Amino acid sequence: MEWAAAMAELALIRDMVAAGEWWRLWTGHLVHTGAGHLGWNLAALIILGLAACRTGLVWTAFIYLLLSMPLISGGLLLLLPELQWYAGLSGVLHGLAALILVARPSPIAWLGLGLLAAKLMLEAAGAWPVPDGRYPVVTEAHALGFVFGLVAGLSHIHFSRRVGGGGVVAVGSECFQPR
């Protein structure tokens, strides 16, 4: 399927969602505007997936991915009435990074979280360099993802402690062990 056809069938398109094509709340994050867009998002997803494995957050990350897609999409549709369409995974990825950093606090994690927050503030101020491509970067998706990732990370800590895990669930070591 070529890029344009995939975009038409799967992108988050306001009018199509309003017409009942609610699956676009998820699939809009799975289609991309081109090979470069897809490549950068996949590279980030692989890195964050490895981080989730290493920190024992695989299931938390998976649940976050499923829940954050419609939340980010809905947020974009509600907060940006002028936005007609959206495609890409970058908002979800910003949130996944925030989730991992918050759920496994350390000095390095706090530094990473601060740098990510600073990047988002620069984007909001228009001071962060945005690729000059054919398609605009919807930085609001990054901010929404970040907020949902923070909530997910804090929720993970809260619920892990309630079940006696002290905020740490050691499942990450299972990611790459031979069976």
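All of the numbers you see were taken from the coordinates with simple rules; none came from a lab. Everything quoted here is computed from the prediction, not taken from an experiment. As a convention, Cβ positions derive from the backbone with ideal geometry for all residues, glycine included, and neighbour counts pool all protein chains shown.
Here is a list: GLY56, GLY34, GLY39. Which entry is small (Gly, Ala, Ser), crowded, with 17+ Cβ neighbours inside 10 Å and either in contact with a Phe, Trp or Tyr (Cβ under 8 Å, 6 or more places away or on another chain) or over 13 Å from LEU96 (Cα atoms) (or both)?
Just one listed residue meets the conditions, GLY56.
The single condition from (1) surrounded by 12 or more Cβ atoms within 10 Å (Cβ to Cβ); (2) more than 14 Å from the chain's Cα centre (by Cα) that ALA18 fails is (1).
Matching residues to (1) surrounded by fewer than 20 Cβ atoms within 10 Å (Cβ to Cβ); (2) more than 22 Å from ALA6 (Cα to Cα); (3) more than 14 Å from the chain's Cα centre (by Cα); (4) of a type outside the set (Phe, Trp, Tyr):
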site	(1), (2), (3), (4)
LEU45	yes, no, no, yes
LEU50	yes, yes, yes, yes
TRP85	yes, no, yes, no
GLY88	no, no, no, yes
LEU99	no, yes, no, yes
